[in-house]
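See below for the structure under consideration.
The values are calculated or read from the model by the stated rules, or taken from the named source; none is laboratory data. Please read these numbers as outputs of a predicted model, since none were measured by experiment. All Cβ positions, glycine included, derive from the backbone under ideal geometry; neighbour counts span all protein chains shown.
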Amino acid sequence: MTRYVVWVASWLFILVVLVTPPALVLTEALKDGLVASLATLSDPDAQSAIWLTLRVSAVAVTLNTVFGILAAWVLVKFRFPGRQFLQILVELPLSISPVVSGLVWLLLFGAQGWFGPMLERWNIHIAFAVPGIILATLFVTLPYVVRTVMPVMEVQGRDAEEAAVLAGAGFWQVLWHVTLPGVRGALLSGVLLTTARALGEFGAVSVVSGHIPGETETMPLHIENLYNGYQSVAAFTMAALLALMAMSAVLLRSAPEWIARLQEKKA
Amino acid sequence: MSIEVCNLVRLAPGAQQRLLDDVSLKVPDGAFVALVGPSGAGKTTLLRAIAGLDNCNSGSVLLDDRPMTSVKDRAGRMGFVFQNYALFPHMTVARNIAFGLDVQPRAERPARAQIAKRVEELLELMQLQGMGGKHPAKLSGGQRQRVALARALATGPRVLLLDEPFGALDPIVRRSIRSWLRELHDTLGLTTILVTHDQEEALEVADRIVVMQSGRIVQDASPMDLDEQPATEFVMEFLGEAVSFAGEVRHGRMIPDDALVIPFVVPEGVTDGPVVAMIRPYEMAIQKPSSEQDVLSIYAAPRGTRNGYRHYTLQLGERIIPFYRPVDEADVQVQGVALDISRSRLFRQGLLCA
């Protein structure tokens, strides 16, 4: 009996908290019909927001994957002074409010910031421009690849890598042929989490972007803009699209399990 | 390929403890050397230092009289087999074995067909025919061990380093793979260093045994010399069961403290003073009574038969000591008046009396 109560309660909770919001977003978006909804996406500002989000995410995910792998590798395989501190530092973006993360970049590169005026002289714009948005997104999404890959690398140990080195493999060969294949599941998971987070980041980006429609507005910022302008169909359509993108990234995480299961069935 | 280790010192990271304390070792071309010692003696540390896996604080490793400064110098010339095999789990057996060839720079790398041929040769050599397409997870422990060996040998190294390679195998597989390994060493003309904590394994397979203790080499000798002239009490005990008797040398005779043990003549050069006599249980004998009146004060109780010896336990005053006699000995003297330990080795302050 108790089992069913718990079972029903957990489903209810999930339905209310997790399923209702996207469902409501979708109904709001389709309030005037599918055609009207899709039409809002052809607005130039909307399209520019979509492209900007995709570009920023692509850059952030690529950089954080490459450096995340290297950081995890260094943290797991070597013992050096300051290692503990570095490990805490990597997790910093998880604990700091995104708004603060955004403000840091303004402090560094804003018009009154430390490097802002100097860069301004060379006509390099970071704050209120795309590079600022990329930096803010990079900062916020930094921990995911490192934190998902590290525990698996820890389990993997050093023996296989040492065996590879003794067989004559160089650093990159070891990384590519031995270390990475051993952590590929965790790596994919980390990359997709990073993607989902990069797509949806609002706070940090909002601070550095300057909200210039068609130029520095990402999808989340554009949604807010539309909603505040009472364009609810456009806002919810964009929101539904964003939710769909993020959800498919998260769903892809379980792809390796499905593939493995399929292969097992075949064998 | 000869290996020479000169004055190797390695300190524990962050501590002043010496993992390797001024270790020097010469291994001639074609030798089969076993590194033995209790855990923490520095056997594996020494092997890893020879392979270049760990940096040492001072000292050098020479291969055919050429100093090796990094792992790169050794790549492809030394095969290393890890205790837990360290196979690449995502690769097939064939890819595992071919790894050392696959990672060679394009200019030196053999053609695909040649690599495949080499893998086939090795699979056959390791009695693993038809296993090339499997993943390591599908293999038994003994098979994985041989895949690890094949991988280590793929680049045709002249030196083979083995770190407790039989540790995880069951006793029967262990024994067969042991003699097979010795055969492999002889056929391929390798120079092999084997780390093991099992002294029997070492005695059986190696030409030379290097005993280590607390980061130092205590003795480096053939199995026979090691048995006849163990350098220290520790070596004597480590190589097999040993019984010790305290006593004193006076005028060329060792007088044991225990009255039931017969005094015996010591070799020339052993000066007077306290000594410890150590002896293997199968080297002792019980002295027959010479007349009817003698009290039979020693009696050995049978405890079964093992490895060609009848085992007994012998009550000697307060002590109980092991006592073995060969199975084929017609009538074993199990009762008597005294114990003959004249085949003992004598130690003073832990060191063999020369």
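I need the full set of residues from the stretch B:106-136 which are within 24 Å of B:L161 (Cα to Cα) and either touching a His at 6+ places or on another chain (Cβ under 6 Å) or part of a helix (DSSP H, G or I) (or both), in order please.
Passing the criteria: B:I115, B:R118, B:V119, B:E120, B:E121, B:L122, B:L123, B:E124, B:L125, B:P136.
Which one of the conditions (1) touching a helix residue (DSSP H, G or I) at 6+ places or on another chain (Cβ under 7 Å); (2) crowded, with 17+ Cβ neighbours inside 10 Å does B:H197 fail to meet, given that it meets all the rest?
(1)
Would you be able to tell me the number of residues in the stretch B:88-109 that are within 13 Å of another protein chain (Cβ to nearest Cβ) and in contact with a Lys or Arg (Cβ under 9 Å, 6 or more places away or on another chain)?
Within the stretch B:88-109, the subset within 13 Å of another protein chain (Cβ to nearest Cβ) is B:88-92, B:95-106, B:108-109.
This time we only want the ones that are in contact with a Lys or Arg (Cβ under 9 Å, 6 or more places away or on another chain), so: B:88, B:90, B:92, B:96-103.
The number of residues fulfilling the criteria is 11.
Within the stretch A:84-128, work out how many residues are of a type in the set (G, A, S) and modelled with pLDDT of 85 or more. Spell out the reasoning first.
Initially, the stretch A:84-128 is screened for residues of a type in the set (G, A, S), giving A:95, A:97, A:101-102, A:110-111, A:113, A:116, A:127.
Now narrow it down to the ones that are modelled with pLDDT of 85 or more: A:95, A:97, A:101-102.
Within the stretch A:84-128, residues that are of a type in the set (G, A, S) and modelled with pLDDT of 85 or more number 4.
Please go through (1) surrounded by 15 or more Cβ atoms within 10 Å (Cβ to Cβ); (2) within 14 Å of another protein chain (Cβ to nearest Cβ); (3) more than 18 Å from A:E161 (Cβ to Cβ) for B:L47 and return the number of the only condition it doesn't satisfy.
In the conditions (1) surrounded by 15 or more Cβ atoms within 10 Å (Cβ to Cβ); (2) within 14 Å of another protein chain (Cβ to nearest Cβ); (3) more than 18 Å from A:E161 (Cβ to Cβ), B:L47 misses (3) alone.
Mind listing just one residue for me: the one in the stretch B:106-124 that is closer than 17 Å to B:P157 by Cβ and buried (at least 16 other Cβ atoms within 10 Å of the Cβ) and, of those, farthest from the chain's Cα centre (by Cα)?
Selected residue: B:I115.
If you check A:E91, A:E120, A:E154, which single one turns out to be over 30 Å from B:D54 (Cβ atoms) and in contact (Cβ under 8 Å) with a residue 24 or more places away in the chain?
A:E91
Is there any pair with a first residue in the stretch B:230-246 that is among the hydrophobic types (A, V, I, L, M, F, W, C) and a second that is assigned to a helix (DSSP H, G or I) whose Cβ atoms are under 7 Å apart and which are 6 or more apart or on different chains, and what are they?
Filtered contacts from the stretch B:230-246: B:V235/B:L226; B:F238/B:Q199; B:L239/B:Q199; B:L239/B:L226; B:L239/B:D227; B:A242/B:M236; B:V243/B:P281.
Can you tell me how many residues within the stretch B:163-192 are touching a helix residue (DSSP H, G or I) at 6+ places or on another chain (Cβ under 8 Å), closer than 22 Å to B:R118 by Cα and assigned to a strand (DSSP E or B)?
1
Looking for whichever is more than 17 Å from B:F99 (Cα to Cα), aliphatic (A, V, I, L, M) and within 13 Å of chain A (Cβ to nearest Cβ) here; the options are B:L139, B:L162. Which one fits? So that I can check it myself, show each step before the final result.
Working: B:L139 fails: within 13 Å of chain A (Cβ to nearest Cβ).
Testing whether each residue is more than 17 Å from B:F99 (Cα to Cα), aliphatic (A, V, I, L, M) and within 13 Å of chain A (Cβ to nearest Cβ) leaves just B:L162.
Restricted to the stretch A:172-192, and to residues that are surrounded by fewer than 21 Cβ atoms within 10 Å (Cβ to Cβ) and within 13 Å of A:V66 (Cβ to Cβ), which residue is farthest from the other protein chains (Cβ to nearest Cβ)?
Among them, the one singled out is A:L175.
Report every pair of residues separated by at least 6 positions or lying on different chains whose Cβ atoms are under 7 Å apart, first residue within the stretch B:39-60 and free of Cβ contacts under 8 Å to residues at least 40 places away in the same chain, second in a helix (DSSP H, G or I) and among the hydrophobic types (A, V, I, L, M, F, W, C).
From residues that are free of Cβ contacts under 8 Å to residues at least 40 places away in the same chain, the pairs are B:G52/B:V71; B:L53/B:V71.
Would you confirm whether any residue within the stretch B:77-84 is closer than 28 Å to A:M153 by Cα, over 24 Å from the mean Cα position of the chain (by Cα) and within 13 Å of chain A (Cβ to nearest Cβ)?
no
Go through (1) more than 13 Å from every other protein chain (Cβ to nearest Cβ); (2) free of Cβ contacts under 8 Å to residues at least 24 places away in the same chain; (3) within 23 Å of A:A169 (Cβ to Cβ); (4) not acidic (D, E) and name the single condition B:Q16 misses.
(3)
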